[in-house]
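Below is one structure; the comments refer to it alone.
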Amino acid sequence: MDNELLEKYEPEMSLFLIYMKDRGYSPDTQQGYLHDLKHFLNNLQGKNVGETNKIDIMRHLTSIRVSGAGARYRNRSQSAIRLFFKVMIEFDYAKTNPALEIEKAKVEKNKVPTFLEKQFIDNCTELVSGKYMLRDITIVALMLYVGLRVSEVARLNMVDFNRAGAMLGVHGKGDKWRYIPLPNEMVHLLEQCLAERLIPRNKKDEAAFFVSQFGRRISKRMVQTVAEKMFAALHNKFPELHGMKLSAHKLRHSFATDLLRNGADLRTVQELLGHEDISTTQIYTHVVDEVKKEAMQHARPSLPAALRM
């Protein structure tokens with residue numbers, strides 16, 4: 001992005017950020033929307049915000065699609081632009097919201113999420129290595145066996161872990177909390193991890209559960225890096241996984257899939273994952289269908305001899 005060009009829009013961007021903070025948007029949403037907005041403003045090439053029209057936005061969204069971004073990312077960008085113009089209207093920087101006139105891209109529904117089969121899941125934590133192995137094993141385990149998002153792992157504080165109650169408080173999307181009962185193995189692992197926890201150097205990071213080698217709260221990027229290193233080792237051990245796109249979020253998919261295969265209902269999985277709408281959880285219904293199909297293979301209808309094959 002052209003930083004000199006973006007300086008022209010500094011008042012508008014500052015106002016947008018103040019608005020999001022005042023309305024309680026999560027830090028992740030603020031960061032994501034601001035990034036999307038900067039990309040859009042950069043493409044305006046100095047044009048005044050109040051003079052922006054539908055074509056300007058469509059041109060920007062088309063450039064995103066051509067660059068290879070999927071429908072979900074394109075729609076998030078459009079949502080950021082739409083909110084931006086809502087703020088601009090409210091504070092008299094613009095008279096209309098041109099983003100309202102553009103339809104959102106169609107997102108493929110019921111797409112089967114990528115997940116790891118049980119035999120690969122059981123190898124994940126075994127393949128974590130390095131100087132901070134215990135910390136990194138715990139990070140992978142929280143995504144794989146508790147279903148945490150990358151951002152939720154990074155945000156985790158020591159006080160969120162209730163040892164006596166074997167419970168983990170998770171600060172999720174939309175500033176919402178959920179409480180997840182922990183199996184004994186996870187309680188023991190979290191206790192071990194805390195015993196070897198690095199000492200933070202800054203007061204603001206004193207509460208952090210995971211501390212980096214630099215004495216700061218671990219970043220989302222570091223959480224992703226831990227997962228990426230583990231996946232590299234997994235690919236090396238299992239050549240059949242070559243070509244399968246794996247990311248930290250796929251550990252969460254694997255967690256949900258394994259729960260359903262073991263008999264958990266969709267509503268329970270929804271609550272454990274922290275999905276606001278059960279329709280989000282329904283991407284995993286393919287697993288339920290597999291279980292039903294397997295169950296029906298054991299059904300033995302009693303039919304008249306003449307009709308039997």
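Separation of the stretch 148-187 and the stretch 75-93, taken as the distance between their Cα centroids, equals 34 angstrom. Remark: the ASP175-ASP92 segment gains 26.9 nm on full extension, using 0.36 nm per residue and subtracting the alpha carbon distance. Could you tell me which of MET133, LEU190, GLN270 has its Cα farthest along the dipole of the chain towards the positive end, charges placed at Cβ (Lys, Arg +1; Asp, Glu -1), taken about the Cα centre? My answer, from the dipole projection, is GLN270. Between the helical axis of 71-90 and the longest alpha-carbon principal axis of the chain there is an angle of about 40 degrees. Please say if the stretch 80-228 is rounded, prolate or oblate, where rounded means a/c under 1.5 for a ≥ b ≥ c the square roots of the C-alpha gyration tensor eigenvalues, and otherwise the choice is prolate for a/b larger than b/c and oblate otherwise? Because a/c hits 1.5 or more and a/b exceeds b/c, the stretch 80-228 counts as prolate.
If you run the Gaussian network model on the chain, springs between alpha carbon atoms under 10 Å, then out of HIS242, HIS253, HIS275 the most flexible one is HIS242.
Classify the stretch 162-251 as rounded, prolate or oblate, taking a ≥ b ≥ c as the square roots of the eigenvalues of its Cα gyration tensor: rounded when a/c is under 1.5, otherwise prolate if a/b is larger than b/c and oblate if not. Prolate, because a/c is 1.5 or more and a/b exceeds b/c. Taking the chain as a Gaussian network, where each spring joins two C-alpha atoms under 10 Å apart, which residue of ASP205, ASP92, ASP36 fluctuates the most? The residue that fluctuates most here is ASP92. Once Rg and the Kirkwood radius are both taken over the C-alpha atoms of the stretch 23-126, their ratio Rg/Rh works out to 1.13.
For the chain, the longest principal axis of the C-alpha atoms and the axis of helix 285-296 are separated by about 20°. Fully extending the segment from MET167 to LEU194 would add 8.2 nm, taking 0.36 nm per residue of separation and subtracting the current Cα-Cα distance. Note that the chain presents 58 Å² accessible area per residue, ligands and nucleic acids not counted, probe 1.4 Å. Count charges around ILE137 for me, please; just the other residues with Cβ under 12 Å from its Cβ, Lys/Arg as +1, Asp/Glu as -1. Around ILE137, the surrounding residues sum to -2. Each principal axis of the Cα cloud of the chain was evaluated for its coordinate range; sorted largest first, these ranges are 76, 66, 38 Å.
Carbon and sulfur together cover what percent of the accessible area of the chain at a 1.4 Å probe radius? Of the solvent-accessible surface of the chain, carbon and sulfur hold 52 percent.
The chymotrypsin sites (Phe, Trp or Tyr not before Pro) found in the stretch 157-216 that occupy coil by DSSP, while having at most 16 further C-beta atoms within 10 Å, are PHE214. Over 29 Å apart at the Cα level, from the set LYS47/LYS173; LYS47/LYS86; LYS176/LYS203; LYS47/LYS204; LYS21/LYS245; LYS131/LYS203, are LYS47/LYS173; LYS47/LYS204; LYS21/LYS245.
Between GLU271 and THR62, the simple label model (points 7 Å from Cα in the Cβ direction) yields a spacing of 4.9 nm. For the chain, the dipole from Cβ point charges (+1 on Lys and Arg, -1 on Asp and Glu) about the Cα centre works out to 340 debye, to the nearest 20. In the elastic network of the chain, a GNM with C-alpha springs shorter than 10 Å, the most mobile of LEU156, LEU198, LEU273 is LEU198.
Please give the helix 10-22 orientation as an angle from the longest Cα principal axis of the chain, in degrees from 0 to 90, rounded to the nearest 10. That helix lies at roughly 40 degrees to the long axis. Only the Cβ atoms of Lys and Arg (+1) and of Asp and Glu (-1) were treated as charged; on that basis the dipole of the stretch 42-198 about its Cα centre amounts to roughly 640 debye. For ASN157, nonlocal amide neighbours, meaning residues 5 or more places apart or on other chains whose placed amide H falls under 5 Å from its own, are PHE209.
The values are calculated or read from the model by the stated rules, or taken from the named source; none is laboratory data. Treat the numbers as computed from the prediction; the structure is a model and nothing was measured. Positions of Cβ are generated from backbone atoms using ideal geometry, with glycine treated the same way; all protein chains shown enter the neighbour counts. Note: areas computed on protein heavy atoms with side chains; ligands, DNA, RNA excluded. Shrake-Rupley method; radii C 1.70, N 1.55, O 1.52, S 1.80 Å.
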